[in-house]
Amino acid sequence: MEGSNILYKAIGGNKVKENVQHIIVFLIGISCISCKTIAQQELPSDKDATKETVNLYNSLKKLAEKGFMFGHQDALAYGVEWKYKEGRSDVKDVVGDYPAVYGWDLGGIERPNGDVNLDGVPFKKMKQFIRQGYERGGVITISWHTDSPFGADKGAWDTTHGTVASVNPGGSNHAKYKEWLDKVASFIGSLKGSKGEAIPVLFRPFHEHTGNWFWWGRNACTDFEYKTLWRFTVYYLQKEKKLHNLLWVYNTGGDFETKEEFLERYPGDDMADMLSFDTYQYGDPKKEKWFEENTLKRLTLVGEIAKEKNKLFALAETGYEAIPYAEWWTTTLLNAIGNNKISYVLLWRNHGYHEGMKKMHYYAPYKGQVSKQDFIKFYQLERTLFEKDISNEKLYQ
Ligand code: BMA
């Protein structure tokens, strides 16, 4: 009040008093709005993240209060008994809507002339699919089943000790690893929206590291070596390759018991934005509740850590192969998630019949699949978010 009187006196006269007061109220209003906007925008671990990436990070924090997104790996590339049909997705065939999160994998990009990924998806097509999903308002997450630095014959599935040490600074494969990262950077750097802006990506490299099957897994390296691998990768992509469209997703297997165990290989708050783990249903969920109970327990633990650290969290991979239980979605999976405010749950890929495995290999329902009706119920819940729900949210603005 005192301030406005002084201002009023300074410009003098009764006639202008009302106008001055209006102007002051207006200016205070503007400054409050801009204070609010600045105060509300939190930065992710990359302090130079692009505008869309910062917006996505903040939007995801808010969105988790409303519900969780549904994600599907390779959703637009193929499904059970089809491949590369423009605009198709098994999930869309069932519910008339696309998943909200699209998972893709860069495994194979590091190979000489690597133009298809380890599951046969051409990187050129992947780029188009990523753009389509993003333009519709969807969220993109990318994993990387990198070949072992000791040789591509086993793919990522090499548990020989010393793999990670060999790619870290000073290791015999360090130069080769940087070349691999150059290829990753060139792919991620080429992901652009219609205005030329970089498409934000939830990047989830070196996943399921508490397990013992990948070359970055428990037996293949020490905690320190893993953290070094992560920190070098972040450094290289951010500082050397100038990628600022990544949110970093830390991911363990579903086998940790305590918060300490979950965090054993955590690279630091400055290099992670989302905490997650992967876990799959085996056995008969009608007879045994271990999947539901263990997942709930672990999501709750990770949710507590996420809260303490002010990070996002997710169930980054899950599923029940060939979904033989017709009510798996609204019973088992929903119970497993409980009240946890995860950002998303992602179901693994719908390969269809797998020659090598000699069985059906898919995790989301398709037209005619036994859990289809239950999946429609799951879709209709307010808490489950698919693409139509999130395109209204304008996550990148
Ligand atoms: C596994 C299976 C494999 C696939 C790999 C990487 O779970 O789906 O067929 O090659 O993931 O996508």
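The values are calculated or read from the model by the stated rules, or taken from the named source; none is laboratory data. Not measured: the values here are computed from a predicted model. Cβ placement follows ideal geometry from the backbone for every residue including glycine, while neighbour counts extend to all protein chains displayed. All accessible areas refer to the heavy atoms of the entire protein, side chains included, with ligands and DNA or RNA removed. Shrake-Rupley method; radii C 1.70, N 1.55, O 1.52, S 1.80 Å.
Worth pointing out:
- Simple Cβ-charge dipole of the chain, Lys/Arg +1 and Asp/Glu -1, about Cα centre, in debye nearest 20: 1240
- 3J(HN,Hα) from dihedral phi, region 96-105, Karplus parametrisation 6.51/-1.76/1.60, rounded to Hz, x for glycine, proline: x, 8, 7, x, 8, 10, 10, x, 9, 10
- Sequence-distant residues sharing a close amide H with Lys192 (under 5 Å, placed H): Ile199
- Once the Cβ-Cβ distance of Lys195 and Glu382 is raised to the sixth power relative to R0 = 30 Å, the FRET efficiency obtained is 0.40.
- Near-label residues of region 217-243 by backbone N, under 16 Å of a point 7 Å along Cα→Cβ of His174: 225-237, 240
- Between amide H atoms placed 1.01 Å from N, distances below 5 Å from Gly352 occur with His361, Tyr362, all of them 5 or more places distant or on a separate chain.
- Surface calculation, 1.4 Å probe, protein heavy atoms: Arg88 sits at approximately 70 Å² accessible.
- Residue-span extension gain [Glu355 to Glu308] - 0.36 nm each, minus C-alpha spacing: 12.4 nm
- Label sites at Lys286 and Gln397, each approximated as a point 7 angstrom past Cα along Cα to Cβ, lie 4.8 nm apart.
- Helix 174-189 and the longest principal axis of the Cα set of the chain meet at an angle near 60°.
- Sequence-ordered 3J(HN,Hα) estimates for region 85-91 from the Karplus curve with 6.51, -1.76 and 1.60 and θ = phi - 60° stand at 10, 2, x, 8, 7, 4, 4 Hz, glycine and proline given as x.
- Only one residue of Phe386, Gly283, Val116 has its Cα farthest out toward the positive end of the dipole of the chain, where Lys and Arg carry +1 and Asp and Glu -1 on Cβ, and that residue is Phe386.
- The overall shape of region 41-152, judged from the alpha-carbon gyration tensor, is oblate: a/c is not under 1.5, and a/b is no greater than b/c.
- Residues with amide H under 5 Å from that of Trp144, placed H, sequence gap 5 or more: Leu106, Phe206, His207
- Computed from Cα positions, the angle between helix 223-235 and the longest principal axis of the chain comes to roughly 50 degrees.
- Taking a ≥ b ≥ c as the square roots of the eigenvalues of the Cα gyration tensor, region 45-391 is classed as rounded, since a/c falls below 1.5.
- Leading residue at positive end of dipole, the chain (Cβ point charges), from Ser89, Met274, Leu191: Leu191
- Shape analysis of region 320-397 places it in the prolate category; the axes a ≥ b ≥ c from the Cα gyration tensor give an a/c of at least 1.5, with a/b above b/c.
- Among 47-57, 189-199, the peptide with the highest mean count of other Cβ atoms within 10 Å heads the list, and the full ranking is 47-57, 189-199.
- Taking every DSSP helix (H) stretch of at least 4 residues in the chain, weighting each as -39,500 (n - 2.57) and dividing the sum by the residue count yields a mean residue ellipticity at 222 nm of -11000 deg cm²/dmol.
- Rounded percent of accessible protein surface that carbon and sulfur make up, the chain, 1.4 Å probe: 54
- Degrees between helix 17-40 axis and first principal axis of the chain (Cα, 0 to 90, nearest 10): 20
- Spacing of the two label points (7 Å from each Cα toward its C-beta) at Thr222 and Glu260, in nm: 1.9
- The 3J(HN,Hα) values that the Karplus relation (6.51, -1.76, 1.60; θ = phi - 60°) gives for region 139-154 are, in residue order, 10, 10, 10, 10, 10, 8, 7, 5, 4, 5, x, 8, x, 7, 4, 9 Hz. Gly and Pro appear as x.
- Accessible surface calculations at 1.4 Å, restricted to protein heavy atoms, place the chain at 44 Å² per residue.
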